[in-house]
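Have a look at the structure below, then the notes.
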Amino acid sequence: MTNTPLSRIRNFSIIAHIDHGKSTLADRLIQATGSVALRDMKEQMLDSMELEQERGITIKAASVRLDYKAKDGNDYVLNLMDTPGHVDFAYEVSRSLAACEGSLLVVDASQGVEAQTLANVYQAIDANHEIVPVLNKIDLPAAEPERVKQQIEDVIGLDASEAVEISAKSGLNIEGVLEAIVHRLPAPQGDPDAPLKALLVDSWYDPYLGVIILIRVKDGTIRKGQKIRFMAEGTTQTVDSVGVFRPKMTPVDYLGPGEMGYLNAAIKTVAETNVGDTITDDRNPAAEPLAGFKPSIPVVWCGLYPVDADDFEKLRDSLGKLRLNDASFHFEAESSAALGFGFRCGFLGLLHLEIIQERLSREFDLDLIATAPSVVYKLTTNKGEAIDLHNPADMPDPTLIEKIEEPWIKATIMVPDEHLGSILTLCSERRGQQVELTYVGNRAMAVYRLPLNEVVFDFYDRLKSVSRGYASFDYVMDGYDEGDLVKISILVNNEPVDALSFMAHRTQAERRGRSICEKLKELIPRQLFKIPIQAAIGGRVIARETISAMSKDVTAKCYGGDISRKRKLLEKQKEGKKRMRQFGKVEIPQSAFIAALKMDS
Amino acid sequence: MPEPIALYVHWPFCAAKCPYCDFNSHVRERVDAARFGAALRRELAFEAARLEAEGQGGRPLASIFFGGGTPSLMPPQVVADIIADATRLFPPLPDIEITLEANPTSVEVSRLAEIRAAGVNRASLGVQALDDTALGFLGRKHDAGQAIAALEAARGLFPRLSFDLIYARPGQAVAEWRAELRRALALAADHLSLYQLTIEPGTRFATEYARGAFALPEGEEAAALYFATGEEAARFGLLPYEVSNYAKPGAESRHNLAYWRYGDYLGIGAGAHQRLTLREGLVAARRHRGPEEWLARVEAAGHAITATEILSPTDRAREALLMGLRLSEGVDPARLQARSGLSLAEAVDPAMLAACLDEDYLTWTPEGRLAATWEGRLRLDALLPALLR
């Protein structure tokens, strides 16, 4: 089973916009090749996490080996690499694509090309993939295969005349897809006698087996008992087992060139296995690693705090457990006057942040509060020092700063014509620079450069609402540019609330400052004293609200029989104050800050 | 002279339970009034003997207050016997104040003369409203006409007269309340207790309010009603000497002042509380709330005390301040220290005290007492937990 000649192997991935049918097609391919007994078949075979299945997204890469007897009478091994589809995992996607020679580009025959389709297809083109367009949902009344084919040619520049028309849902023409994989995608190349070179595609933690590494062998072979070296990490391990996914893990004797599969060794955490690393033989190492390795770096940071302070240690343990399986997110302890003890966490993007947050609450039953996400700013001090700023609260005095640079993205937005106007307004409000505006039928494609900072702050929600949900959006990171950025502090009763401070462009400062002040005014209950709420840049107040003192709160009747009761009540109230955060003479319930932050997201 | 003492006598029975009332009151078809009267006297004797044994015999008696329940349902003879016992056991001050709470129903009004003859020199009438619809809502058994008749009768009988009104009722506008209050003030009492309607747990109103059966003026509206109350009372020369109590100078309830000034008081009858300075310290005691259980215990043991507590300096300081700051006259720091063992600086958070003085919630009176201002009084329940240590 592992001495398959290279010419009989096809390694491919499927790229698609969300909901265009990637997982359903994968399920059908698995079924059609008899790789899983019908009784074991379930939907979204490859998305094993509950969250992946529910939200129709792929977070971890996975592969499955399909045995297919083609119409030409030959037996083929088809390795399907399921890749994450989201830009947050762009680097992981590019590594997964680097493990294949070709892609199926699945497009919904009624909806056509969407922003995510584009982002992913360009990555596949970058990976030198042969691409077979597949039109899905061809049986729907709204399907317009000719229009969509034209769109694929116009927008992407791919020949779509021989696009495979299918319905993954009903199983229509799955055979056509399999034949196209065999005949239109290239076979892998590789030298079985060269020193081992295998690409580390992804890794995950299995509670029984430890770390499992998904690999693609380029040259040489890898077998049980072999001593291997991770070239970037610089560590060595002895292989405990190698195998393939069918889709269950099935051990094999060895994996040769062109093969995909797994290896498992005495590795405890995925942090020791870098996606994109090259695995070679320790005694007979390759001279050069495979191209393109870079460690993944968090681009979005936020504070995560337990709502109940007693959950701090549990949060630390849970973050540690998640990191076992996801080395791309970072965390370190921090504390906040408003929120107590928590962690500063770094993520690959907003979806990544959301996923981690959701897994913490779902899998670890933690009630969390997240501060507003912040991007990483590059500061240069007057002395020429370079600082990466992850937390606005750590912003040094602006007079000490020579310049601030912020990350930009290149965003592609596809939207029906009638909503284009509001999308363009939104982008220009967010300091966007138009790069390109083209039409494909009645759909417009706008390409903008946008500061990432403007996107992490409620951009998706606004995009969805101004386009009534019809806009699709994707982006790639596009370098750093200097910006006129300021730190806005929020002061409650003249004291800064660190957890609420944020960075913004000077032109946005007042609007956003005012909106937070107004929100806090709604959320903070009236108290004994009136409470000024201010937004300030340095010492200059840019927005102000005042919470009036409570109007009346006094017991009407209080006589001899009431004294003990009143005193006991007082004791209880004093106890309750322990859950309050002190700001000078006023005490704000932590719940108000939590609500303010929740409204942000 | 040892500090005078105040005596509270609780009569726990009512003809009907009012929907707003969370006092210890009970409705019974028949009450063996003579037997309950005898038990009250027995409890009084027990406490007198205890004070005697403590070497505090003969402490002067400054006031007696018959509260309830509805003490105007007590047989006048029982009232007379208790007054006689009390003034025998504790030498009365020459100007002793003896108050009895009465309802303005005709039955009770017919007994007022006898009650006066029993020695009561101050009547406090539960008028509650001068509007028949409001009286119906409040579950009262009298109408406005009866209330006015009762006030007139009482005014002719008692040297001192007070009555209660409840305001901030559902939908009550400030102008309406001003008019009603003016009519009340014109009835020439020297003292009024004007209570904002509050929803107390366990009452019928609590259930109805939770269900949304009615809404009450709150926040700014409630503050405006409170402000109007003080203004109208002042026009008739009645000053707000306590949060809800208004009097012509000199006509303040001396008995209730004993609570607010945090003096010693004796409380007898079902559910009554007391605070007495004994050898072991200031001791708070409470009696059994159930009338029959109380009776059985008194008859068996001479008293029905169910719980006593020796109050710590912090407890005493808190109690003294939470009561004293209700008064316009405020709290004398020297008296606070003598009574609690803590100085004012030890009893309060100095930063919060400074903030409250700064905000004009608290003020130092010319006599050097710490008092809540109008604005401070309005928010006293929020101020106290912040201020007290």
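Values in this text are rule-based calculations from the coordinates and carry no lab data. The model shown is predicted, which means the values in this text are computed figures rather than measured ones. Positions of Cβ are backbone-derived with ideal geometry, glycine not excepted, and every protein chain shown enters the neighbour counts.
A few remarks follow.
- Working note: Cα gyration tensor of the range B:191-251, eigenvalues times five, square-rooted, sorted largest first, giving semi-axes of 29, 13, 7 Å.
- Sparse packing (at most 16 other Cβ atoms within 10 Å of the Cβ) combined with a DSSP loop state is found for the following trypsin sites (Lys or Arg not before Pro) in the range B:264-351: B:R279, B:R289.
- Three semi-axes of the equivalent ellipsoid, the range A:300-371, Cα gyration tensor, whole Å, largest first: 17, 13, 11
- Taking chain B, the Cys residues with no second Cys beta-carbon under 4.7 angstrom are B:C14, B:C356.
- 30 Å tail of the calculated P(r), the range B:5-259, as % of Cα pairs: 29
- Charge-dipole axis of the range B:272-389 as Lys and Arg at +1 and Asp and Glu at -1 on Cβ define it, positive-most pick from B:L327, B:G281, B:P366: B:G281
- Sparse-neighbour loop sites [GluC sites (Glu not before Pro); the range A:339-392; at most 13 other C-beta within 10 Å; DSSP]: A:E385
- Placing a pseudo-label 7 Å from each Cα along the Cα-to-Cβ vector at A:R184 and A:D394 gives an inter-label distance of 5.0 nm.
- The mean count of C-beta atoms from other chains within 10 Å of the C-beta of residues in A:563-575, rounded to a whole number, is 6.
- The charge dipole of the protein assembly as shown, taken about its Cα centre with unit charges on the Cβ of Lys, Arg, Asp and Glu (plus for the first two, minus for the last two), comes to roughly 3340 debye.
- Charged-residue dipole, Cβ positions (Lys, Arg, Asp, Glu), the range A:197-281 about Cα centre, Debye nearest 20: 160
- Pairwise label distance in nanometres, B:S343 with B:W364, each label 7 Å out on the Cα-Cβ vector: 1.4
- Histogrammed with a bin width of 10 Å, the alpha carbon distances of the range A:165-230 distribute as 16, 29, 24, 26, 5 percent, first bin at zero.
- Annotation note: GluC sites (Glu not before Pro) in the range B:209-238 located in DSSP loop regions with a Cβ neighbour count of at most 15 within 10 Å are B:E218.
- Computed magnitude of the charge dipole of the range A:364-408 (debye, nearest 20; Cβ of K, R +1, Cβ of D, E -1): 220
- With 31 Å as the limit, the listed pairs A:K314/A:K403; A:K519/A:K568; A:K22/A:K248; A:K197/A:K268 have A:K314/A:K403; A:K519/A:K568 beyond it between alpha carbons.
- Hydrodynamic radius of the range B:313-387 by the Kirkwood approach over all distinct alpha-carbon pairs: 11.9 Å.
- Calculated mean residue ellipticity at 222 nm for chain B: -12500 deg cm²/dmol, from DSSP H runs with n ≥ 4 weighted as -39500 (n - 2.57), summed, divided by the residue count and rounded to 500.
- The Cα atoms of chain A cover 98, 59, 56 Å along the three principal axes, with the biggest extent listed first.
- Inverse mean reciprocal Cα-Cα distance (Kirkwood Rh) of the range B:88-145, Å: 13.2
- C-alpha center-to-center spacing [the range A:317-343, the range B:329-373] in angstrom: 47
- Distance from the range A:145-207 to the range B:96-173 (C-alpha centre basis), Å: 93
- Cross-link partners of A:K218 among aspartates and glutamates (Cα-Cα below 15 Å; sequence separation of 8 or more within a chain): A:E101, A:D191, A:D193, A:E259, A:D277, A:D281, A:E288
- Number of partner chain Cβ atoms within 10 Å, mean per residue of A:542-554: 5
- 5 angstrom amide H check on A:T235, placed H, neighbours 5+ away: A:F230
- Relative contact order for chain A, counting Cα pairs under 8 Å that sit 6 or more residues apart, in percent: 10
- Sorted largest first, the principal axis extents computed over the alpha-carbon atoms of the range A:197-281 equal 29, 26, 21 Å.
- Ascending count of other beta-carbon atoms within 10 Å, so fewest first, for A:H505, A:H129: A:H505, A:H129
- Efficiency of FRET from Cβ geometry, A:R544 and A:T507, R₀ 22 Å, rounded to 0.05: 0.70
- Look at the dipole of the range A:486-597 built from charges on Cβ: of A:A504, A:M550, A:G584, the Cα furthest out on the positive end belongs to A:M550.
- Dipole-positive endmost among B:A206, A:I401, B:T308 within the protein assembly as shown (Cβ charges, Cα centre): B:T308
- Proximal lysines relative to A:K566, as straight alpha-carbon distance under 22 Å, when same-chain residues fewer than 8 apart are discounted: A:K552, A:K557, A:K574, A:K577, A:K578
- For A:F331, the residues whose modelled amide H falls within less than 5 Å of its own, excluding neighbours fewer than 5 places apart on the same chain, are A:G346.
- Within straight-line cross-link reach of A:K530, aspartates and glutamates at Cα separation under 13 Å, skipping those fewer than 8 residues along the same chain: A:E545, A:E587, B:D358, B:E359, B:D360, B:E375
- All Cα-Cα distances of the range A:486-597, cut into 10 Å bins from zero to the largest, leave 13, 39, 26, 13, 7, 2, 0 percent in each bin in turn.
- Calculated FRET efficiency, A:N382 to A:V435, Cβ-Cβ distance, R0 = 41 Å: about 0.75 to the nearest 0.05.
- The range A:528-586 and the range B:19-38: distance between their alpha carbon centers, rounded to Å: 40
- In Hz, Karplus ³J(HN,Hα) per residue of the range A:94-111 (6.51, -1.76, 1.60; θ = phi - 60°; x = Gly, Pro): 5, 5, 5, 5, 5, 8, 10, 9, x, 9, 9, 9, 8, 10, 5, 5, 9, 7
- Cβ-Cβ FRET estimate between A:K248 and A:V307, R0 fixed at 30 Å, reported to 0.05: 0.15
- When both bridge partners sit in the protein assembly as shown, DSSP labels roughly 75% of those beta bridges antiparallel.
- Sorted from greatest to least, the principal axis extents spanned by the alpha carbons of the range B:263-366 come out as 55, 25, 22 Å.
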